[in-house]
Amino acid sequence: MQPKPATGEPFRTDDEIALANCLGDSVERESQTRTSRGEFRQSVISQFRSVRITGEDPLNDAAERYRQRWVRDRLSREGLSRACRFGWIDTYSFTKALGEQLLVKSPNGIPIPSKQCRRCR
């Protein structure tokens, strides 16, 4: 039995994977905008006022780490929100269920999402 959210919308594995891919692309694009990059830089500068960061490279490196952490945290929150919407208590059980459903649907063993296949070629 597959969980259903309060709205009664059925859970569809392929739709969830497509949504996750779109969300990942969207959050990544948002993190790369000039405005976001400026905010990441300002956050680093504010956070390390007492530490003197000299030169652009260390500041840019710190801002990039901050950006990556922001992307990871944003996607984690969104993933947990999707998991809870369908009745799972955490992202582990949600992604485990997604993987199990893909295995059940695949006639020839372990499926590889199409986005992954294009990268491997």
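Read-outs: derived from the displayed coordinates by stated rules, not from any lab. Everything quoted here is computed from the prediction, not taken from an experiment. Every residue, glycine as well, gets a Cβ built from its backbone with ideal geometry; the counts of neighbours run over all protein chains shown.
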Provide Ile45, Ile17 in ascending order of the number of other Cβ atoms located within 10 Å of each residue's Cβ, fewest first.
Ile45, Ile17
Given the Cα-Cα distance of Ser76 and Glu9 and 0.36 nm per residue of separation, how much length would full extension add, in nm?
21.9 nm
With a sphere of radius 14 Å drawn around the Cβ of Val104, what net charge do the other residues whose Cβ falls strictly inside it have (Lys, Arg +1; Asp, Glu -1)?
+1
